[in-house]
Each structure stands twice: as structure tokens, then as C-alpha cells.
1. Residues of region 211-244 being under 22 Å from Phe104 (Cα atoms) and in a loop (DSSP other than H, G, I, E, B), which ones?
2. Do you know which residues across region 224-244 are over 18 Å from Leu204 (Cα atoms) and either more than 19 Å from the chain's Cα centre (by Cα) or free of Cβ contacts under 8 Å to residues at least 60 places away in the same chain (or both)?
3. Tally up the residues in region 90-99 that are more than 28 Å from the chain's Cα centre (by Cα) and surrounded by fewer than 13 Cβ atoms within 10 Å (Cβ to Cβ), please.
4. Would a scan of region 129-142 turn up a residue that is crowded, with 19+ Cβ neighbours inside 10 Å and closer than 17 Å to Arg79 by Cβ?
5. Would a scan of region 158-168 turn up a residue that is assigned to a helix (DSSP H, G or I) and either free of Cβ contacts under 8 Å to residues at least 12 places away in the same chain or polar (S, T, N, Q) (or both)?
6. Failed condition for Met190, given (1) in contact with a Ser or Thr (Cβ under 7 Å, 6 or more places away or on another chain); (2) modelled with pLDDT of 85 or more; (3) surrounded by 20 or more Cβ atoms within 10 Å (Cβ to Cβ), with all others met?
7. Being at positive phi and in contact with a Gly (Cβ under 6 Å, 6 or more places away or on another chain) is the filter here, so list the residues in region 37-96 that pass it.
Amino acid sequence: MKIYSYVCKMQILRSMTYKFNVYGNIIMQTIIMLTTSFFWKALYQNAETVQGVEIGSMLTYTVISSCISVILTTNVEQRITRSVEKGTIAVDLMRPVNIFAVFFAEDLGNVVALLFQNLLPIIFIGCIFIQVPLLASGASVLMFLISLCLAFFINWLLAAIFGMWAFTAINMHALLQVKRHLIRLLSGSMIPLWFFPEWLRIVLEAFPFVYLYQLPLSIYIGKCDGMSLIRGITIQLVWLAVLSFIFYILQKRAARKVMIQGG
């Protein structure tokens with residue numbers, strides 16, 4: 001644990017040095033957040049509620065969604081891809097530490113740095129130009145945090161599993177961009193699933209994406225409570241167990257393949 005704690009600490013310090021990336025991410029998230037808020041204001045122009053949700057709740061949804069996107073930032077796909085492309089993956093797998101645990105520690109350290117570098121400025125901008133994103137109920141704080149933590153682990157596992165394609169794919173860069181945008185679209189990050197056709201909503205709820213953004217956001221604005229909240233958290237735990245098992249199997253197969261083929 002000391003090794004992984006040190007890796008996490010070093011990643012925090014490393015992330016603090018790249019100021020240009022920080023400013024670029026803040027500008028991009030601000031543009032997306034403001035554009036989305038303009039869309040909701042136009043949609044609610046002649047209506048007090050849509051699908052049982054008021055305009056204030058949707059504006060809060062927009063601000064917090066931008067904040068969650070900061071927390072769900074991962075680099076594990078790029079790290080796996082670079083290791084495979086450079087041919088260092090065999091050496092990495094033979095190190096006396098779990099290389100994927102190192103990647104996780106790096107991502108965790110990066111998120112800790114982003115909490116101060118990106119999240120606080122985004123909340124500040126959202127409070128000034130959109131509205132103060134108040135929690136619907138103080139009693140929901142704990143469940144929101146639990147759901148958000150589970151979303152972080154699920155998102156990391158999805159990224160790591162996707163990164164395993166680097167062992168068979170020639171070029172992963174285009175696939176990474178497609179995957180990133182699809183998750184933002186299908187997870188309810190920008191448009192909640194309750195605005196989708198019922199048949200499409202039912203289909204998307206069978207995938208883990210909706211439990212990355214929409215569930216924590218629904219808890220935050222008070223759209224999800226009672227049995228639906230318990231059901232959502234339970235499904236997150238099930239997906240966490242399933243994805244952990246899948247990642248464990250893929251990790252073993254990747255290590256066996258690399259050792260047999262020699263990198």
C-alpha cells in the first residue's frame with residue numbers, strides 16, 4: 001500500500017504542474033455546461049415542469065453533471081495503450097507490483113488534483129452564470145456520495161476493460177474518442193434518460209452507463225428516492241462485481257498472452 005500511496009502522491013504533484021491542461025479542461029467544461037443550460041432554459045420557456053422535473057432541478061443537474069465529469073476522469077486506457085505500443089508491457093507485468101493497481105493509483109491521484117484544479121472553478125462558474133446547485137435533501141448526501149464513489153469504480157473498470165483492446169487493436173486513439181462521447185451520451189450526462197423514448201430507456205438501463213451519471217444526479221436533485229434509490233445502488237454494486245470479475249479474467253489472459261509471445 002505504501003508503494004501505491006507514493007504513486008498517488010506523485011501523480012498529484014505531477015498533475016499540479018500542467019497548468020495549460022487545467023485551463024483547457026475548465027474552458028471546455030464551461031462551454032458544455034453553459035450551452036446545456038441554454039438548451040434547458042429554451043426547453044422550459046413555456047413550461048413549469050417537463051417529465052415532472054422543474055427548470056431549477058435541470059440547471060442543478062447540468063452543473064453537477066459537469067462536476068461529476070471531472071471526478072470520472074481516467075487515463076488507464078491511454079496508459080495501457082502506450083505500454084503496448086512501446087512494447088514495455090511485458091516488463092511492466094513482471095514488476096513486483098500490480099501494474100494495473102499502479103494505473104489506478106495514478107488515476108486516483110489525478111482526480112484528487114482535479115478536485116482543486118477543475119471542480120472548484122466549475123462550481124464557482126456554475127453558481128455565477130447558472131445557479132447555485134443546492135442538494136434537494138440533506139438526507140440524500142450520504143447516498144449521493146456512495147453512488148458517486150461506486151460510479152467512479154465502475155467507470156474505471158469500464159475504462160480498464162476497454163483499454164485491454166490495445167492488445168489486439170492496431171490503433172486505439174479513435175476508439176477512445178468514440179467511447180468517451182458515447183458514454184457521455186448514453187449515461188444521461190447531458191440529457192437524462194427520462195426524456196428518451198421508453199423502449200430506448202429500458203434498453204439503456206440494462207447497461208452500466210446510466211449508473212455513472214444519471215443515478216447520482218437523480219439522487220442529487222431528488223428524482224430518485226425510496227425503493228428506486230435502493231434498487232439503483234444495488235445495481236451499481238452488481239455491476240461493480242461483474243466488471244471486477246471480467247477485468248480479473250482479462251488481466252490474467254493479457255499477462256499469459258504477453259509472456260507467451262514475449263511482449
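The values are calculated or read from the model by the stated rules, or taken from the named source; none is laboratory data. Owing to the predicted nature of the structure, the values given are computational and were not obtained by experimental measurement. Every residue, glycine among them, receives a Cβ derived from its backbone with ideal geometry; neighbour counts consider all protein chains shown.
1. Residues satisfying the conditions are Leu212, Tyr213.
2. First, the residues of region 224-244 that are over 18 Å from Leu204 (Cα atoms): 225-227, 230, 241, 244.
Passing the criteria: Asp225, Gly226, Met227, Ile230, Ala241.
3. Keep residues of region 90-99 that are more than 28 Å from the chain's Cα centre (by Cα), which gives 90-91, 94-96.
Narrowing further to those that are surrounded by fewer than 13 Cβ atoms within 10 Å (Cβ to Cβ): 94-96.
Counting residues in region 90-99 that are more than 28 Å from the chain's Cα centre (by Cα) and surrounded by fewer than 13 Cβ atoms within 10 Å (Cβ to Cβ) gives 3.
4. Scanning region 129-142 turns up no residue that is crowded, with 19+ Cβ neighbours inside 10 Å and closer than 17 Å to Arg79 by Cβ.
5. Our first condition is that a residue be assigned to a helix (DSSP H, G or I); within region 158-168, this holds for 158-167.
Restricting the remaining residues to those that are either free of Cβ contacts under 8 Å to residues at least 12 places away in the same chain or polar (S, T, N, Q) (or both) gives 165.
Taking every residue of region 158-168 in turn, at least one turns out to be assigned to a helix (DSSP H, G or I) and either free of Cβ contacts under 8 Å to residues at least 12 places away in the same chain or polar (S, T, N, Q) (or both).
6. Answer for Met190: the failing condition is (3).
7. Narrowing region 37-96 to residues at positive phi: 51-52, 87.
Within region 37-96, Gly87 is the sole residue that qualifies.
Residue-wise test of (1) within 20 Å of Phe196 (Cβ to Cβ); (2) buried (at least 19 other Cβ atoms within 10 Å of the Cβ).
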{"site": "Lys9", "(1), (2)": "no, no"}
{"site": "Thr62", "(1), (2)": "yes, yes"}
{"site": "Thr81", "(1), (2)": "no, yes"}
{"site": "Thr88", "(1), (2)": "no, no"}
